[in-house]
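**Q** Supplied in structure tokens, the structure appears directly below.
The values are calculated or read from the model by the stated rules, or taken from the named source; none is laboratory data. Computed from a prediction, not measured in an experiment: that's the story for all the values here. Using ideal geometry, Cβ is built from the backbone for each residue, glycine included, and neighbour counts are taken over all protein chains shown.
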């Protein structure tokens, strides 16, 4: 799989969230650099993927706190997407790490995450920006 480019498309304008997204991308790229599908070391793979998934969950917690703090009206749908990710990652943790299963997991860890940023997270960012703009105009 190709490495992820952290660019303007993945930047939302919320410093904490952007920093976490950038860190997630760095961790995924590090994993992709070290992953060699021709010699799967299942124990090392599980450890690395567990580290990445744990970071994603920590990031989701930060987003969910932001949603609560700003009364984000789409929080229920957004959190459902986080739950989908967690459940999917959990189900992969139970499987043998064959090349096919690892590719499916990487699609979740990369493709799903990027799509989530571009759709769900961008809605949250617009909501937060609207609140920030309203506070700025009050001054």
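**Q** Can you tell me which residue among 118, 76, 96, 68 is at pLDDT 95 or above and either buried (at least 16 other Cβ atoms within 10 Å of the Cβ) or farther than 25 Å from residue 19 by Cβ (or both)?
**A** Exactly one residue qualifies, and that residue is 76.
**Q** Considering only segment 34-51, I want to know if a residue exists there that is under 22 Å from residue 107 (Cβ atoms), free of Cβ contacts under 8 Å to residues at least 24 places away in the same chain and surrounded by 16 or more Cβ atoms within 10 Å (Cβ to Cβ).
**A** yes
**Q** Across segment 97-132, what is the number of residues that are free of Cβ contacts under 8 Å to residues at least 24 places away in the same chain and more than 24 Å from residue 77 (Cα to Cα)?
**A** Here the count works out to 2.
**Q** Output the residues belonging to segment 84-99 that are over 17 Å from residue 117 (Cβ atoms) and not in a loop (DSSP other than H, G, I, E, B).
**A** Hits for segment 84-99 are 87, 90, 91, 92, 93, 99.
**Q** So which residues in segment 8-33 are assigned to a helix (DSSP H, G or I), in contact (Cβ under 8 Å) with a residue 12 or more places away in the chain and surrounded by 15 or more Cβ atoms within 10 Å (Cβ to Cβ)?
**A** 10, 17, 20, 21, 24, 25, 27, 28, 29, 31, 32, listed by residue number.
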